[in-house]
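Colleague: Sending over a structure as structure tokens; questions will come in a sec.
The values are calculated or read from the model by the stated rules, or taken from the named source; none is laboratory data. No experiment lies behind these values; they were computed from the predicted model shown. With ideal geometry, Cβ positions are generated from the backbone for all residues, glycine too; neighbour counts draw on all protein chains shown.
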């Protein structure tokens with residue numbers, strides 16, 4: 001073979017070899033793989049960034065559906081708990097429920113507190129809110145019932161005093177859970193999370209398997225696990241006795257965002273159902 005043809009053939013082989021090497025890389029980088037697309041499609045957006053039409057309001061002292069003073073509203077793409085229409089708090093503990101119940105799922109969201117806090121609200125509500133889950137149907141909550149019978153993924157922020165104040169704790173209005181294999185009588189169980197500034201966006205995740213294992217995650221770290229959520233205990237008041245069946249295991253329920261005198265914002269609320 002003459003030298004010119006040798007050089008051309010070598011260049012041809014080089015191009016073919018390079019194409020074989022790069023083809024899988026280009027295929028992967030051209031977009032989602034089939035598996036990634038499938039996993040992404042499994043997530044359901046609960047908050048559309050525009051309105052709360054898919055949500056149900058229940059505020060203490062008010063009927064179901066009465067969004068007193070537009071406590072829950074959407075502004076600049078975030079879902080707010082806002083108190084600029086309040087003169088006094090007057091124990092108006094509120095909850096915004098998604099319209100349908102869930103059983104086993106992975107819930108994710110982001111939150112941060114605002115500088116609003118009503119002075120006549122209890123001291124413990126300062127930089128305090130929560131995500132209620134496995135809750136009773138909001139339509140069964142009586143007008144003068146303060147808290148829904150549910151389990152709470154508690155959200156807290158630092159008080160500015162340098163003391164630790166973990167977020168992602170568990171609280172239990174009208175419910176009980178097993179912690180480290182035993183029924184835990186405490187109303188709230190602290191997580192192992194770091195303390196975060198009030199105006200910092202924090203990512204929360206909740207993984208629930210029916211009435212078995214519950215996992216709390218903050219900014220990617222597992223901070224608390226417990227099992228067997230069930231109806232029982234105190235804290236919730238003025239409920240319908242037919243609803244509070246102590247000892248009944250909680251296999252499913254509604255998800256709600258809390259308002260208790262402290263302003264807070266939520267965004268990127270999504271859920272993936274699990275087997």
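Colleague: Can you tell me how many residues in the stretch 255-275 are surrounded by 14 or more Cβ atoms within 10 Å (Cβ to Cβ) and in a loop (DSSP other than H, G, I, E, B)?
Modeller: 3
Colleague: Having 1 or more residues that are at pLDDT 50 or above and touching a helix residue (DSSP H, G or I) at 6+ places or on another chain (Cβ under 7 Å) is the bar; report the strands (runs of 3 or more DSSP E) wholly within the stretch 1-108 that clear it.
Modeller: Working: elements: 43-45, 55-59, 72-75, 78-81, 94-98.
It comes to 55-59, 94-98.
Colleague: Next question. Within the stretch 228-254, which residues are free of Cβ contacts under 8 Å to residues at least 60 places away in the same chain and either surrounded by fewer than 15 Cβ atoms within 10 Å (Cβ to Cβ) or assigned to a loop (DSSP other than H, G, I, E, B) (or both)? First the steps, then the outcome.
Modeller: Looking only at the stretch 228-254, we keep the residues that are free of Cβ contacts under 8 Å to residues at least 60 places away in the same chain, and these are 228, 230, 232, 241-242, 245-249.
If the condition is that a residue be free of Cβ contacts under 8 Å to residues at least 60 places away in the same chain and either surrounded by fewer than 15 Cβ atoms within 10 Å (Cβ to Cβ) or assigned to a loop (DSSP other than H, G, I, E, B) (or both), then 232, 241, 242, 245, 246, 247, 248, 249 are the ones that fit.
Colleague: Scan the stretch 182-202 and tell me whether some residue there is in contact with a strand residue (DSSP E or B) (Cβ under 8 Å, 6 or more places away or on another chain), under 30 Å from residue 41 (Cβ atoms) and part of a strand (DSSP E or B).
Modeller: Taking every residue of the stretch 182-202 in turn, at least one turns out to be in contact with a strand residue (DSSP E or B) (Cβ under 8 Å, 6 or more places away or on another chain), under 30 Å from residue 41 (Cβ atoms) and part of a strand (DSSP E or B).
Colleague: Tell me, yes or no, whether the stretch 109-128 has at least one residue that is touching a strand residue (DSSP E or B) at 6+ places or on another chain (Cβ under 7 Å), under 23 Å from residue 210 (Cβ atoms) and surrounded by 19 or more Cβ atoms within 10 Å (Cβ to Cβ).
Modeller: Within the stretch 109-128 (the criterion being touching a strand residue (DSSP E or B) at 6+ places or on another chain (Cβ under 7 Å), under 23 Å from residue 210 (Cβ atoms) and surrounded by 19 or more Cβ atoms within 10 Å (Cβ to Cβ)), the answer is yes, since at least one residue qualifies.
Colleague: Now a separate question. Among 182, 176, 152, which is closer than 17 Å to residue 225 by Cβ, assigned by TED's automatic domain parsing to the domain that holds residue 249 and free of Cβ contacts under 8 Å to residues at least 24 places away in the same chain?
Modeller: The match here is 182.
Colleague: In the stretch 58-83, what count of residues is obtained for those that are buried (at least 16 other Cβ atoms within 10 Å of the Cβ) and either touching a residue at least 60 places away in the same chain (Cβ under 8 Å) or outside the structural domain of residue 257 (by TED's automatic domain parsing) (or both)?
Modeller: Final tally of qualifying residues: 13.
Colleague: Of the conditions (1) without any contact (Cβ under 8 Å) to a residue 12 or more places away in the chain; (2) crowded, with 17+ Cβ neighbours inside 10 Å, residue 162 satisfies every one except a single condition; which number is it?
Modeller: All conditions pass for residue 162, except number (2).
Colleague: Among the candidates 211, 146, single out the residue that is modelled with pLDDT of 95 or more, more than 19 Å from the chain's Cα centre (by Cα) and either surrounded by fewer than 21 Cβ atoms within 10 Å (Cβ to Cβ) or in a strand (DSSP E or B) (or both). Before you say what the answer is, go through the steps one by one.
Modeller: Working: 211 fails: more than 19 Å from the chain's Cα centre (by Cα).
Answer to the check: 146.
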